[in-house]
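The block underneath contains the structure these notes are about, expressed in structure tokens.
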Amino acid sequence: GEDVEQSLFLSVREGDSSVINCTYTDSSSTYLYWYKQEPGAGLQLLTYIFSNMDMKQDQRLTVLLNKKDKHLSLRIADTQTGDSAIYFCAESSNTGKLIFGQGTTLQVKP
Amino acid sequence: DSGVTQTPKHLITATGQRVTLRCSPRSGDLSVYWYQQSLDQGLQFLIQYYNGEERAKGNILERFSAQQFPDLHSELNLSSLELGDSALYFCASSVAGRVGTDTQYFGPGTRLTVL
């Protein structure tokens, strides 16, 4: 079946790197996404990776994909207090809908 | 700002009532998706439309219906509301709604509270 799992909470100090992990089950997923949700706000697309890639870097964000283990991670370098939010991993299904994980709450301590 | 607009931002109503949520996609996007975010179910896909036609259906209750109009805006109708329908309802849009190759951009959501 289709399922996406994430750890629920991560706490880091400002300036450290954050790594948010995700596992998914649908090996036919073409794209995998990371969305950010700040309190009271909608979902902001952060980045995505095509399934035939291992890594994608976009400024402070690095996405790593291990297709064999169906494991996706998002690394945020030099984490800032403004990065505090809920981060959702999502896979695209064969019908085009997105299947989301439960979301990881990132707390950044000054 | 994603370019996807949703109205209203907040909606408070009573059990048994009916409400309509509205979504305008980004300019040029033909596909609209509806998602429900609740504390117990997380983010769940409800339904997708492409250029006025229903394309995919998810965990949408029979009490809920949606449509996409010729100008591409979409409405989600929720009827016989129950307390458990209280949630954040998101609309997303994408260019063509193709499987796995289209990026979905989300609106700010409508927070529905059923009392």
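The values are calculated or read from the model by the stated rules, or taken from the named source; none is laboratory data. Since we're looking at a predicted model, the values are computed, not measured. All Cβ positions, glycine included, derive from the backbone under ideal geometry; neighbour counts span all protein chains shown. For accessibility, only protein heavy atoms count, side chains too; no ligands or nucleic acids. Shrake-Rupley method; radii C 1.70, N 1.55, O 1.52, S 1.80 Å.
When the residues of the stretch A:24-45 are narrowed to those that are more than 11 Å from chain B (Cβ to nearest Cβ) and open to solvent by less than 60 Å² (accessible area, probe 1.4 Å), which ends up nearest to A:Tyr87 (Cα to Cα)? Among residues in the stretch A:24-45 that are more than 11 Å from chain B (Cβ to nearest Cβ) and open to solvent by less than 60 Å² (accessible area, probe 1.4 Å), the one nearest to A:Tyr87 (Cα to Cα) is A:Trp34.
Condition first: assigned to a loop (DSSP other than H, G, I, E, B) and either buried (at least 19 other Cβ atoms within 10 Å of the Cβ) or in contact with a Cys (Cβ under 6 Å, 6 or more places away or on another chain) (or both). Now tell me which residues in the stretch B:40-99 satisfy that.
B:Leu72, B:Leu81, B:Gly97
A:Asn66 fulfils the conditions (1) in contact with a strand residue (DSSP E or B) (Cβ under 7 Å, 6 or more places away or on another chain); (2) away from chain B (no Cβ under 11 Å); (3) of a type outside the set (D, E, K, R) except for a single criterion, (1). Of all the residues in the stretch A:13-58, those that are of a type in the set (Asp, Glu) and within 15 Å of the chain's Cα centre (by Cα) number 3. Can you pull out the residues in the stretch B:75-93 that are among the polar types (S, T, N, Q) and either out of contact with any strand residue (DSSP E or B) (no Cβ under 8 Å at 6 or more places or on another chain) or within 23 Å of B:Gly16 (Cα to Cα) (or both)? Scanning the stretch B:75-93 gives B:Asn77, B:Ser79, B:Ser80, B:Ser86. If I filter the stretch A:81-110 down to residues being surrounded by fewer than 13 Cβ atoms within 10 Å (Cβ to Cβ) and not in a strand (DSSP E or B), which single residue comes out as farthest from the other protein chains (Cβ to nearest Cβ)? Result: A:Pro110. Tally the residues that are assigned to a strand (DSSP E or B), aliphatic (A, V, I, L, M) and open to solvent by 10 Å² or more (accessible area, probe 1.4 Å), restricting the search to the stretch A:57-80. Qualifying residue count for the region: 3.
Every residue, every condition in (1) free of Cβ contacts under 8 Å to residues at least 60 places away in the same chain; (2) among the basic types (Lys, Arg); (3) at positive phi, yes or no:
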residue	(1), (2), (3)
B:Thr5	no, no, no
B:Lys9	no, yes, no
B:Ile12	no, no, no
B:Val19	no, no, no
B:Arg22	yes, yes, no
B:Ser27	yes, no, no
B:Gln41	yes, no, no
B:Gln44	yes, no, no
B:Gln48	yes, no, no
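The set of residues in the stretch B:22-39 being part of a strand (DSSP E or B) and surrounded by 23 or more Cβ atoms within 10 Å (Cβ to Cβ) consists of B:Cys23, B:Ser31, B:Val32, B:Tyr33, B:Trp34, B:Tyr35, B:Gln36. Inspect the stretch A:22-38 for any residue being within 18 Å of B:Phe90 (Cα to Cα) and outside any strand (DSSP E or B) and give the result as yes or no. Checked the stretch A:22-38: at least one residue is within 18 Å of B:Phe90 (Cα to Cα) and outside any strand (DSSP E or B).
Residues that are touching a Phe, Trp or Tyr at 6+ places or on another chain (Cβ under 9 Å) and either away from chain A (no Cβ under 14 Å) or open to solvent by 70 Å² or more (accessible area, probe 1.4 Å) (or both): does the stretch B:102-113 have at least one? There is at least one residue in the stretch B:102-113 that is touching a Phe, Trp or Tyr at 6+ places or on another chain (Cβ under 9 Å) and either away from chain A (no Cβ under 14 Å) or open to solvent by 70 Å² or more (accessible area, probe 1.4 Å) (or both).
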